[in-house]
Amino acid sequence: MNRIVEELKKTDVFYVATVEGDQPRVRPFSSAAEIDGQLYLCTNNTKNCYKQMIANPKVEISGMEKDGTWLRITGKLVRDDRDEARAKMLEDPSGPSNLYHVGDGIFEVFRLEDAVCTKYSMTAEPEIIQ
């Protein structure tokens, strides 16, 4: 499995930061999947975060693992309009299938390109994961 996806899945909830104009926006997410070897996220195209992701695809993701280590992931979101990618995302056990289905007109998936993940700890040097 993609190591970044593996680390992110160790968090129950992670936070995605977007930008709206000059104002940062942060919200919780829980669904992440590996599709074609890359990290994928999903959202609803009626939400403000979707509009922000389209307007400025640069995001930062942060989450804390149960052992107290935390992640900071940067990259650029690219919308994937394939129903195959949507179907794969729905396999994630964290719940997108309770909210969306392929062909509903609102379910959107994004892959994170140029992802760089840094894992932090209070007791060790930061680890870069690419």
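The values are calculated or read from the model by the stated rules, or taken from the named source; none is laboratory data. Given the structure is predicted, the values throughout are model-derived calculations rather than measurements. Glycine also receives a Cβ, built like all others from the backbone with ideal geometry; neighbour counts cover every protein chain displayed. Side chains included, ligands, DNA and RNA excluded: accessible areas come from the protein's heavy atoms. Shrake-Rupley method; radii C 1.70, N 1.55, O 1.52, S 1.80 Å.
Taking the criterion of being over 24 Å from GLU7 (Cβ atoms) and in contact with a Phe, Trp or Tyr (Cβ under 8 Å, 6 or more places away or on another chain), would at least one residue in the range 107-122 satisfy it? Steps first, answer last, please.
Residues of the range 107-122 that are over 24 Å from GLU7 (Cβ atoms), as a first pass: 107.
Of the ones still in play, those that are also in contact with a Phe, Trp or Tyr (Cβ under 8 Å, 6 or more places away or on another chain) are 107.
Within the range 107-122, one or more residues are over 24 Å from GLU7 (Cβ atoms) and in contact with a Phe, Trp or Tyr (Cβ under 8 Å, 6 or more places away or on another chain).
For the range 1-32, name all the residues that are touching a residue at least 40 places away in the same chain (Cβ under 8 Å) and assigned to a strand (DSSP E or B).
Across the range 1-32, the qualifying residues are PHE14, TYR15, VAL16, ALA17, THR18, ALA32.
Just checking, which of PRO28, PRO93 is of a type outside the set (D, E, K, R) and either more than 11 Å from the chain's Cα centre (by Cα) or over 23 Å from LYS10 (Cα atoms) (or both)?
After applying the criteria, what remains is PRO93.
Among the residues of the range 7-32, how many are acidic (Asp, Glu), exposed (fewer than 13 other Cβ atoms within 10 Å of the Cβ) and closer than 18 Å to CYS117 by Cβ?
Qualifying residue count, the range 7-32: 1.
When you go through PRO57, PRO126 one by one, which is the residue that is modelled with pLDDT of 95 or more, closer than 21 Å to ALA17 by Cα and surrounded by fewer than 14 Cβ atoms within 10 Å (Cβ to Cβ)?
Result: PRO126 is the single residue among PRO57, PRO126 that is modelled with pLDDT of 95 or more, closer than 21 Å to ALA17 by Cα and surrounded by fewer than 14 Cβ atoms within 10 Å (Cβ to Cβ).
Every residue in the range 1-39 that is of a type in the set (Val, Ile, Thr) and touching a Gly at 6+ places or on another chain (Cβ under 6 Å), please.
THR11
For the range 68-85, check the following and say yes or no: at least one residue is farther than 21 Å from GLU6 by Cβ and either open to solvent by less than 10 Å² (accessible area, probe 1.4 Å) or part of a helix (DSSP H, G or I) (or both).
Looking for residues that are farther than 21 Å from GLU6 by Cβ and either open to solvent by less than 10 Å² (accessible area, probe 1.4 Å) or part of a helix (DSSP H, G or I) (or both), one finds at least one in the range 68-85, hence yes.
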